[in-house]
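Asker: First the structure, which I've put down as structure tokens, then a few questions once you've had a look.
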Amino acid sequence: MSDFGGAVKPLSENPDYKIAILGVPFDEKSSYLRGAAGGPAAVRAVSTGKCYCGWTELGVDLEADTVMVDLGDVDTSGDPDKTFALTEKAVERILAKGAVPIVLGGDHSITYPVLKAFARHHKPLDVLHFDAHPDLYDDLYGDRLSHACPFARILDDGLAAGVVQVGVRAVTAAHRARALKYGVRMVEMKDIQDTLHLRFAHPVYVSFDMDALDPAFAPGVSHHEPGGLSTRQAIQVIQALKGRIVGLDIVELNPSRDPASITAAAAFKIIKETAGRIVRPS
Ligand code: MN
Ligand code: MN
């Protein structure tokens, strides 16, 4: 369990919570290195204790201005199909209360079952996807549920009305064709000059793959793709966006490559600033 700078309150006293943290310690769909299953524990460890306060940069006090609880982890001891079903069910329960889930991955494959639950509560839904990779492979090594494929599945199933990908810099011709087919907007790293001011017409789900950040800022990921976003640039995109954020996942944090917990601290910072925007949209 975590305290998130004192913001997380006991579930038993707060059944009508507004924001729920949910861990999915799962990395069986990782194509290169395992380790992302340690993500939830790493975020909780770095955010618990006296290191951080509950105030965001934009002046939201997460301790006083909302009710945040930590629901613990999804049971990932079964096979991937079972884990995905349990993940979908756990997110469904949060959404049925009218609350906002903050999902700690896990590799990026978990976003597909999470958005299956969202489709029953928020339709149409826009998605803001931070990543070095478009995750639009139809399959990777024969697996259509690989962590390289979630956005292909999400678009095939019509779970998102609009997808904006920020920070991508490992794009194949097939990715481009698929993005074009589905109207995905790619804001490629090579084209980013100034702060992005994104505007979303529908409720927006943020899916944040930690490898969107440059490895200099976030070494604790399985796929090091240099030339990425600074932590500050990513925070600015979240702070500047116009729209109502209804969900967040933070995925691909691999603590085995994060000896000084820098990446976990960056993940927590991004969660915190996003939570502030959930509490106070603009
Ligand atoms: Mn990804
Ligand atoms: Mn990635």
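The values are calculated or read from the model by the stated rules, or taken from the named source; none is laboratory data. This one's a predicted model, so the numbers in the text were calculated from it and none came from an experiment. We place every Cβ from the backbone using ideal geometry, glycine too, and count neighbours over all the protein chains shown. Remember, those area values only see protein heavy atoms, side chains included, never the ligands or the DNA or RNA. Shrake-Rupley method; radii C 1.70, N 1.55, O 1.52, S 1.80 Å.
Asker: From Y137, Y112, grab the single residue that is within 16 Å of ligand 1 (Cβ to nearest atom), free of Cβ contacts under 8 Å to residues at least 60 places away in the same chain and over 16 Å from the mean Cα position of the chain (by Cα).
Answerer: Values: Y112 fails: over 16 Å from the mean Cα position of the chain (by Cα).
Answer to the check: Y137.
Asker: Search the range 201-231 for residues being surrounded by 24 or more Cβ atoms within 10 Å (Cβ to Cβ) and hydroxyl-bearing (S, T, Y), and hand back the single one that is farthest from ligand 1 (Cβ to nearest atom).
Answerer: Checked the range 201-231; the qualifying residue farthest from ligand 1 (Cβ to nearest atom) is Y205.
Asker: Could you tell me whether the range 250-269 includes any residue that is of a type in the set (S, T, Y) and more than 18 Å from D131 (Cβ to Cβ)? Break it down stepwise before answering.
Answerer: Let us first name the residues in the range 250-269 that are of a type in the set (S, T, Y), namely 256, 261, 263.
Checking the rest, the ones that are also more than 18 Å from D131 (Cβ to Cβ) come to 256, 261.
Checked against the condition, which is being of a type in the set (S, T, Y) and more than 18 Å from D131 (Cβ to Cβ), the range 250-269 yields at least one hit.
Asker: Being open to solvent by less than 10 Å² (accessible area, probe 1.4 Å), part of a loop (DSSP other than H, G, I, E, B) and within 16 Å of ligand 2 (Cβ to nearest atom) is the filter here; which residues of the range 123-134 pass it? Spell out how you get there, then give the answer.
Answerer: Of the residues in the range 123-134, the ones open to solvent by less than 10 Å² (accessible area, probe 1.4 Å) are 125, 127-132, 134.
Going one step further and asking which of them are part of a loop (DSSP other than H, G, I, E, B), we end up with 125, 131-132, 134.
Result: D131, A132, P134.
Asker: Within the range 92-109, which residues are in contact with an Asp or Glu (Cβ under 6 Å, 6 or more places away or on another chain) and either assigned to a loop (DSSP other than H, G, I, E, B) or away from ligand 1 (no atom under 13 Å from the Cβ) (or both)?
Answerer: Correct list: V103, D107.
Asker: Just checking, which of E63, E92, E57 is open to solvent by 30 Å² or more (accessible area, probe 1.4 Å), touching a residue at least 40 places away in the same chain (Cβ under 8 Å) and touching a helix residue (DSSP H, G or I) at 6+ places or on another chain (Cβ under 9 Å)? Step through it out loud before you land on a result.
Answerer: Working: E63 fails: touching a helix residue (DSSP H, G or I) at 6+ places or on another chain (Cβ under 9 Å); E92 fails: touching a residue at least 40 places away in the same chain (Cβ under 8 Å).
So the residue among E63, E92, E57 that is open to solvent by 30 Å² or more (accessible area, probe 1.4 Å), touching a residue at least 40 places away in the same chain (Cβ under 8 Å) and touching a helix residue (DSSP H, G or I) at 6+ places or on another chain (Cβ under 9 Å) is E57.
Asker: Would you confirm whether or not the range 209-219 contains a residue that is farther than 26 Å from A36 by Cβ and modelled with pLDDT of 95 or more? Steps first, please.
Answerer: First pass over the range 209-219, keeping only residues farther than 26 Å from A36 by Cβ: none.
The answer is no; no qualifying residue exists.
Asker: In the range 232-252, which residues are of a type outside the set (D, E), open to solvent by less than 30 Å² (accessible area, probe 1.4 Å), touching a residue at least 60 places away in the same chain (Cβ under 8 Å) and under 26 Å from H121 (Cβ atoms)? First the steps, then the outcome.
Answerer: Filtering the range 232-252 for residues of a type outside the set (D, E) gives 232-248, 250-251.
Among the residues that remain, those that are also open to solvent by less than 30 Å² (accessible area, probe 1.4 Å) are: 234-235, 237-238, 240-241, 243, 245-248, 250-251.
Keeping just the survivors that are touching a residue at least 60 places away in the same chain (Cβ under 8 Å) gives 234-235, 237, 241, 243, 245-248, 250-251.
Once the filter is applied, which keeps residues that are of a type outside the set (D, E), open to solvent by less than 30 Å² (accessible area, probe 1.4 Å), touching a residue at least 60 places away in the same chain (Cβ under 8 Å) and under 26 Å from H121 (Cβ atoms), the range 232-252 yields V237, L241, G243, I245, V246, G247, L248, I250, V251.
Asker: Continuing with this model, one more query. If I ask for residues that are within 20 Å of the chain's Cα centre (by Cα) and open to solvent by 20 Å² or more (accessible area, probe 1.4 Å), which ones from the range 14-29 would you list?
Answerer: K18, P25, E28, K29
Asker: Could you look through the range 31-61, keep only residues that are more than 29 Å from Q236 (Cβ to Cβ) and of a type outside the set (K, R), and pick out the one that is modelled with the highest pLDDT?
Answerer: A37
Asker: Determine, yes or no, whether K82 is more than 16 Å from ligand 2 (Cβ to nearest atom), without any contact (Cβ under 8 Å) to a residue 24 or more places away in the chain and surrounded by fewer than 22 Cβ atoms within 10 Å (Cβ to Cβ). It would help to see each step written out before you state the result.
Answerer: Values: more than 16 Å from ligand 2 (Cβ to nearest atom): yes; without any contact (Cβ under 8 Å) to a residue 24 or more places away in the chain: yes; surrounded by fewer than 22 Cβ atoms within 10 Å (Cβ to Cβ): yes.
Yes.
Asker: Next up: Take the conditions of a type outside the set (A, V, I, L, M), surrounded by fewer than 23 Cβ atoms within 10 Å (Cβ to Cβ) and more than 22 Å from M210 (Cα to Cα) and apply them to R144. Does it pass?
Answerer: Working: of a type outside the set (A, V, I, L, M): yes; surrounded by fewer than 23 Cβ atoms within 10 Å (Cβ to Cβ): yes; more than 22 Å from M210 (Cα to Cα): no.
The answer is no for R144.
Asker: Now for a different question. Picking from K50, K29, which residue would you name as being under 21 Å from I154 (Cβ atoms), in a loop (DSSP other than H, G, I, E, B) and among the charged types (D, E, K, R)?
Answerer: On the way: K50 fails: under 21 Å from I154 (Cβ atoms).
From the options K50, K29, the qualifying one is K29.
Asker: Step by step: first the residues of the range 97-122, then only those that are closer than 17 Å to I21 by Cβ and open to solvent by 10 Å² or more (accessible area, probe 1.4 Å), then the one that is nearest to ligand 2 (Cβ to nearest atom). Which residue is that?
Answerer: Once the filter is applied, the top-ranked residue is V100.
Asker: Still on this structure, please answer the following. With A170, A152 as the choices, which residue is within 15 Å of ligand 2 (Cβ to nearest atom) and under 16 Å from S222 (Cβ atoms)? Before you say what the answer is, go through the steps one by one.
Answerer: Details: A152 fails: under 16 Å from S222 (Cβ atoms).
Matching residue, one of A170, A152: A170.
Asker: I would also like to ask the following. From the set of residues in the range 159-200 that are hydroxyl-bearing (S, T, Y) and either touching a helix residue (DSSP H, G or I) at 6+ places or on another chain (Cβ under 8 Å) or open to solvent by less than 30 Å² (accessible area, probe 1.4 Å) (or both), which is nearest to K123 (Cα to Cα)? Explain how you work it out, then say what you get.
Answerer: Here is the first cut: in the range 159-200, the ones hydroxyl-bearing (S, T, Y) are 172, 182, 195.
Now narrow it down to the ones that are either touching a helix residue (DSSP H, G or I) at 6+ places or on another chain (Cβ under 8 Å) or open to solvent by less than 30 Å² (accessible area, probe 1.4 Å) (or both): 182, 195.
Details: Y182: 17, T195: 28 Å.
Looking at residues that are hydroxyl-bearing (S, T, Y) and either touching a helix residue (DSSP H, G or I) at 6+ places or on another chain (Cβ under 8 Å) or open to solvent by less than 30 Å² (accessible area, probe 1.4 Å) (or both), I get Y182.
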